[in-house]
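Report on one structure; see the data block that follows.
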Amino acid sequence: MPETNYPYGHGDEHNRPGGELPAYEPGSNGHGEAPFSSSPSGGAFGSSLPGTTSGPSFDSAAPPTSPTSASSAAPSPWGAAAPSASAAPSGAQGAQGAQGAQGTQGTQTFSAAQAGYTLRKVGIGNPLPTFAVGALAYIVALGAALLVIISAVLVALTADTGDLTGGGTVPTDGSASPSGDGGWRAIVGLVGMPFQLVSLASFGSYDAELNLGFFGNATMSWRGLPLLITVAMVATAFVVGRLVQRRWGTGRWGSNGVLGALLWSGISGLAVAIFAVIATRVTALTIEDDTLGLSLSMHSAGVDMFFGTWVLIALPLFLGHVAGLAKPAWWSVVADLAAAPRLAFVHALAFAVPVWILMAAGISIRMVVEGDGQSVLSLFLSLPIWGLTGLAMLPGLGMLAVPLHLNARGGVEDFGVERGNDFLWFFDLPWYLWIPLVLIALLMPVVVALLWNRDREIETGNILALVVSWVALPLAYFGCSAVLLALVWTTMQAEMGMVGELGISVGLAPWTPVVAFFIGLLVEVLARFGAPFVDRFVPGMLVNWFRRSARTRRADGTPSTRRPSHGQAPTGQPSHGQAPQGQAPGAPFFPGV
């Protein structure tokens, strides 16, 4: 027991005024201590001494007594060995239990802190900002879906369709009224249309099944991305993810590295995908009429939209985190792999936007001249529906070797569509459209080559860096065109009892990625051997923005191990194998290369 529990020193010393302790014998208390007992002298260890104030006795179960009575009391059952042997451990165990609880709590706290430190050390930090960005991306997609719905309503109101009602009435019964079950299902389906459109924009398929009773069944499937919704969701996940990483990438609310970004982005996308599937299925449009024997079910929930939502949330969110991370020392070796997709995107926009404006202006003027001005208004009101899809198809035509692929099969003649498998080339357009298209298409590779050349540094002492510098653009053009091929593909299939099966599909030709690969190689060759001769004549405000982040890293003092490309002035940074004065040279990416 602690020494402070003995009023006159250690329990083993024989200097107490009341007598000596009995001989030490291991008792039944299990602590290796002698059981305490009262002494005939009245100065027993278990008694309170005169003139002192004591708390509860550690060797007695009796309540505390006054000093006088305690000192004059004869041996009694309160001081017997048996009771004190059972009472002493209880006090000792209580003290030891409190100390053990404090030790356990301290160990748990230390373990939690150590685990948090270990996770942050490997790049796994706070997941809450990433989860919030995933939810925000889906909410923004729902807002874009509402914009598409409003656009469709405005087009229907302004379209020249004559009398929509015709003065007739549609017979209904109680099941079709809002108070009936079928009416409420229809209302839920209409309210849930934004969820269906977001699902359709996530590579889903909008399926409709119509049961006509005696007349048989009819099924229809539409697969085509409303690109306004898709772009809104992807852009929000990437831009806000990068902002969160840059602003809260370190400290209490961040500390996520590549591993944490990959983990939390995947979980965030998975959670949004699960919610999207449930919401899309619950808000399916279902109409049943037992009187007519008619039932209609329309929804876009499925496995395809589940994985599509997961990818469209998780992938841009992860890339946004990576874009906001501080780049490591070896980043300069592979920097072209990150910059090449941006150049491909800029190339596509730089071609498609002016061509789209010229085509829209030309078609609108022609329609007005022909007296079809009402259709022009409907055409522009429907831009949220088809605008980005049409814009995305133009880069394919701008390759001059990629046509639009139109395929109509089955009994499409009954709907006024000619059956066939046709290709629409750029020269099939009116002359006032394809001539500017060809001129802009030939000019754009030269323009983006100047953009790619400015402030570019190519390391000549690293074989890996040389290989990356050559293959970055061709691979980026190939990959981006493959993504574009999937985004613009639109197909409709239907199966009707009396008409049979029919299908219509529109998209770019399947060899688009191959052509894009060689265009990327052409841009690389122009940037290496042509752009350096005219780079000095290009105003900086036109091209300096592309490599702004790399230039900022060099200005901050990050040592550069790359040499300027041909025709460029040195940047003032150390070349490969050298280091600033007073600093050790950085380790190579691959030792010995």
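Residue 432 contributes about 80 Å² of solvent-accessible surface, heavy atoms of the protein only, 1.4 Å probe. Averaging 1/r across all pairs of distinct Cα atoms in segment 310-438 and inverting the result yields a Kirkwood radius of 18.4 Å.
Loop-located GluC sites (Glu not before Pro) in segment 353-450 (DSSP state other than H, G, I, E, B) with a sparse environment of at most 15 neighbouring Cβ atoms within 10 Å: 370, 418. At a 1.4 Å probe, what is the % contribution of carbon and sulfur to the accessible area of segment 337-417? Summing carbon and sulfur atoms, their accessible area is 74 percent of the total for segment 337-417.
The protection proxy used here, the mean number of other Cβ atoms lying within 10 Å of each residue, ranks peptides 448-459, 466-477 as follows, highest first: 448-459, 466-477. Once the 1.4 Å probe is applied to the protein heavy atoms, segment 401-489 comes out at 48 Å² accessible per residue. Principal axis extents of the Cα atoms in segment 349-415, from largest to smallest and rounded to whole angstrom, are 38, 34, 22.
Translational diffusion coefficient of segment 428-493 (Stokes-Einstein, Kirkwood radius from Cα pairs, 37 °C, 0.692 mPa s): 213 µm²/s.
The values are calculated or read from the model by the stated rules, or taken from the named source; none is laboratory data. The structure displayed is predicted, hence computed values, not measured ones. Note: ideal-geometry Cβ built from the backbone for every residue, glycine included; neighbour counts use all protein chains shown. Accessible surface areas use protein heavy atoms only, side chains included; no ligands, DNA or RNA. Shrake-Rupley method; radii C 1.70, N 1.55, O 1.52, S 1.80 Å.
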